[in-house]
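Novice: One structure, pasted below without further comment.
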Amino acid sequence: MRTRLLILVAVLAGAAIGALYGGVFRDRTSAASAALAGAQATEDFKAGFSLNQSTASLVADLQSRLRANPKDERSFALLGLAYQQRARETGDPSWYTKSEGVLRRALALDSKDYLAVSGLGSLALSRHRFRDALALGEQGRSLNPYSARTFGVIGDAYVELGRYADAFKAFDTMNKLRPSLSSYARTSYGRELIGHTGAAIRAMKLAVDAASGAAEPTAWTHVQLGKLYFNHGRIADAEREYRFALRIFPNYPYGLDALASALAARGAYRQAIAVEQQAVTTIPLPQYVAALGDLYRVTGRPALARRQYALIGAIERLLRANGVKTDLEIALFQVDHGIALRHALDRARLARAERPSIDGDDVLAWALARNGRCAAALPHSRAALGLGTQDALKFFHRGMIERCLGHAAAARTWLRRALALNPHFSLLWAPVARRLA
């Protein structure tokens, strides 16, 4: 029973590694959050083990086990992972605080429990505390150098710290130790970062095939595959993947949010608003609320848009109260929407210092540009594009910076590149790019 609980929690909670990675995070920076099943998983699946148990039911089972045996450190570790999955499913960051509590209880019982240590590492990633995550990942590796899960934590932290060669090396080691949904998804993300889109799609298809029939991980991989298509202008292919995810996992909020973007891209705004509202009702994540506000804005309902935008501050306070850093994401939201631009620039500087990645450089470049400091923005924009990442929004930011500097030809080149890659890259900014290109 304990092995089966481990398998199920790993499958469900592995995705919590990047569960609230922004969205504004990319879905900007959602490196591969995915199922982290161990080697025993395949054997249990072949034995006919069902993954239909809900996370809430699993939590209740683990809590019951701990009432019967309060010294069961492994059940504390598993419960910590399950609490992270509940945060993913509900959007309630208070589950993170609960997760930390039980994971530390596990370590108090056994200081060498690598699963608890790596669980704290994935928790640090979800809270955007990437240096802490790296330290915990390295601690987990010292306890168990053969744990693929630990190398996933390490690699994800390296990505957010801008140490891409080290990240790719960690992902390669993860693949060698245990090829899985999790490792394939990270490989896909790494290839996307360096602009190898076809290879990224192929790797994500391997992740889809490796999902083993578990509903949420399978739906997640289809959403990620759809986003690869969407980011390169393949809207019909993206919508197909999003709808497939929702057939597998009805009312899946990540699928709903993604489907809303595809509907908006083809002009079905009424449907897009209804679907995004469903996502917001299910899990009020900042990116969903902002997207709903943007949909209201572009359809001529500014009062409704402002009502959604006003919720972002309350959600941010709740996240901060539960240990989640949001400076990069909130800075981008403020800069995009012209809110407190000087304060947004300060936040972007702080965020870039904590996350010296291509996304940190991109947001700082955009914040500088929106504050009229375009000469200072240009080096950061160049750094943001240094890996060869094919990202229409980054191309747009570069084009606007060049325009601000009076480089008309360069500006048109970058704006046209953004539109050629994805004509629907942003509800707010794609129309601006079309007008100026």
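The values are calculated or read from the model by the stated rules, or taken from the named source; none is laboratory data. No experiment lies behind these values; they were computed from the predicted model shown. Neighbour counts are summed over all protein chains in view; Cβ atoms, including those assigned to glycine, are modelled from backbone coordinates with ideal geometry. For the accessible areas, the whole protein counts, side chains as well, though only heavy atoms, and no ligand, DNA or RNA atoms are used. Shrake-Rupley method; radii C 1.70, N 1.55, O 1.52, S 1.80 Å.
Novice: Could you tell me how many of the residues in segment 68-101 are more than 25 Å from Lys112 (Cβ to Cβ) and of a type outside the set (Gly, Ala, Ser)?
Specialist: 7
Table: residues versus (1) free of Cβ contacts under 8 Å to residues at least 24 places away in the same chain; (2) farther than 18 Å from Leu393 by Cα; (3) among the acidic types (Asp, Glu); (4) touching a helix residue (DSSP H, G or I) at 6+ places or on another chain (Cβ under 8 Å).
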{"residue": "Ile312", "(1), (2), (3), (4)": "no, yes, no, yes"}
{"residue": "Arg317", "(1), (2), (3), (4)": "yes, yes, no, no"}
{"residue": "Asn322", "(1), (2), (3), (4)": "no, yes, no, yes"}
{"residue": "Ile339", "(1), (2), (3), (4)": "no, yes, no, yes"}
{"residue": "Arg349", "(1), (2), (3), (4)": "yes, yes, no, yes"}
{"residue": "Arg352", "(1), (2), (3), (4)": "no, no, no, yes"}
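Novice: For segment 158-179: of the residues being within 15 Å of Leu193 (Cβ to Cβ) and aliphatic (A, V, I, L, M), which is most open to solvent (accessible area, probe 1.4 Å)?
Specialist: Restricting to residues being within 15 Å of Leu193 (Cβ to Cβ) and aliphatic (A, V, I, L, M), the top hit is Ala165.
Novice: If I filter segment 147-167 for residues that are closer than 22 Å to Ala77 by Cβ and hydroxyl-bearing (Ser, Thr, Tyr), do I get at least one hit?
Specialist: The answer is yes; a qualifying residue exists.
Novice: Of the residues that sit in segment 187-199 and are more than 22 Å from Asp257 (Cα to Cα) and part of a helix (DSSP H, G or I), which one is most open to solvent (accessible area, probe 1.4 Å)?
Specialist: Arg191
Novice: Does Leu295 qualify as being open to solvent by less than 30 Å² (accessible area, probe 1.4 Å), in contact (Cβ under 8 Å) with a residue 40 or more places away in the chain, among the aliphatic types (A, V, I, L, M) and not in a loop (DSSP other than H, G, I, E, B)?
Specialist: So Leu295 fits the description; yes.
Novice: Could I ask something else about it? Which residue is least open to solvent (accessible area, probe 1.4 Å), if the candidates are limited to segment 207-236 and must be aliphatic (A, V, I, L, M) and within 21 Å of Ile154 (Cβ to Cβ)?
Specialist: Here the answer is Ala207.
Novice: Only one of Arg131, Arg104, Arg88, Arg67 is surrounded by 17 or more Cβ atoms within 10 Å (Cβ to Cβ) and part of a helix (DSSP H, G or I). Can you tell me which?
Specialist: Values: Arg131 fails: surrounded by 17 or more Cβ atoms within 10 Å (Cβ to Cβ); Arg104 fails: surrounded by 17 or more Cβ atoms within 10 Å (Cβ to Cβ); Arg67 fails: surrounded by 17 or more Cβ atoms within 10 Å (Cβ to Cβ).
Only one candidate qualifies: Arg88.
Novice: For segment 248-271, name all the residues that are in a helix (DSSP H, G or I) and farther than 26 Å from Asp92 by Cβ.
Specialist: Passing the criteria: Ala262, Leu263, Ala264, Ala265, Tyr269, Arg270, Gln271.
Novice: I'd like the full set of residues that are closer than 13 Å to Ala279 by Cα and open to solvent by less than 50 Å² (accessible area, probe 1.4 Å), limited to segment 244-256.
Specialist: Passing the criteria: Leu246, Tyr252, Pro253, Tyr254, Gly255, Leu256.
Novice: Out of Leu259, Leu304, report the one residue that is crowded, with 24+ Cβ neighbours inside 10 Å and either farther than 30 Å from Met174 by Cβ or β-branched (Val, Ile, Thr) (or both).
Specialist: Values: Leu304 fails: crowded, with 24+ Cβ neighbours inside 10 Å.
Leu259 is the lone residue from the list that is crowded, with 24+ Cβ neighbours inside 10 Å and either farther than 30 Å from Met174 by Cβ or β-branched (Val, Ile, Thr) (or both).
Conditions tested, residue by residue: (1) part of a loop (DSSP other than H, G, I, E, B); (2) modelled with pLDDT under 50.
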| site | (1), (2) |
| --- | --- |
| Ala13 | no, yes |
| Ala35 | yes, yes |
| Glu43 | no, yes |
| Arg74 | no, no |
| Gln84 | no, no |
| Asp92 | yes, no |
| Lys98 | no, no |
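Novice: Looking at segment 58-71, I want the residues that are over 17 Å from Glu89 (Cβ atoms) and have a partner that is among the polar types (S, T, N, Q) with Cβ atoms under 8 Å, at least 6 apart or on another chain. Which pairs are those?
Specialist: Matching pairs, first to second residue: Arg65/Ser75; Leu66/Ser75; Asn69/Ser75.
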